[in-house]
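All remarks here apply to the structure that follows.
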Amino acid sequence: MEWKYVETYEHVRAPQTSINRYIPLVGSGSSIKQWEKSYEYDPVYELVCQTLLVEGIIKSCDKVLRVDDYLHLNVIPAGNKELRSDVCTFSDGLIDSSKYLIISPEKLMEPVKNTHRDLCEYLAARYWK
């Protein structure tokens, strides 16, 4: 889960050494169909790295951290239109686009608003009211 509120990005390209580390991980055995040039720039670069990290954890069959599937949630307020626009096409590059969801903080917190009222009120006052 990536929680974004007021972030903005300069759309800076990641260092080539870092890009070179990730390109071979895309494709065979990855949920990312193929490497795209747009993946080399934030904020999409972060999403690619996070996706490849969780896929690596799943493949490692770690005995302590047992993970066999994932859902990538990007928590972004509806009002942060720039960031939503920047990342909205990321799911198009996934074999299973349902693995990536953009969700507002209000919608994410809806199921626990009665059981975690203090937290929800704090978040609402600080971020979305």
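The values are calculated or read from the model by the stated rules, or taken from the named source; none is laboratory data. From a predicted model like this one, the values you see are computed outputs, not experimental measurements. Here the Cβ positions follow ideal geometry from the backbone for every residue, glycine too, while neighbour counts run over all protein chains shown.
Just checking, does segment 16-33 include any residue being modelled with pLDDT under 90 and out of contact with any Phe, Trp or Tyr (no Cβ under 9 Å at 6 or more places or on another chain)? Yes - at least one qualifying residue is present in segment 16-33.
Checking I76, I57, I103, I95 one by one, the residue that is free of Cβ contacts under 8 Å to residues at least 24 places away in the same chain and under 17 Å from the mean Cα position of the chain (by Cα) is I57 and no other.
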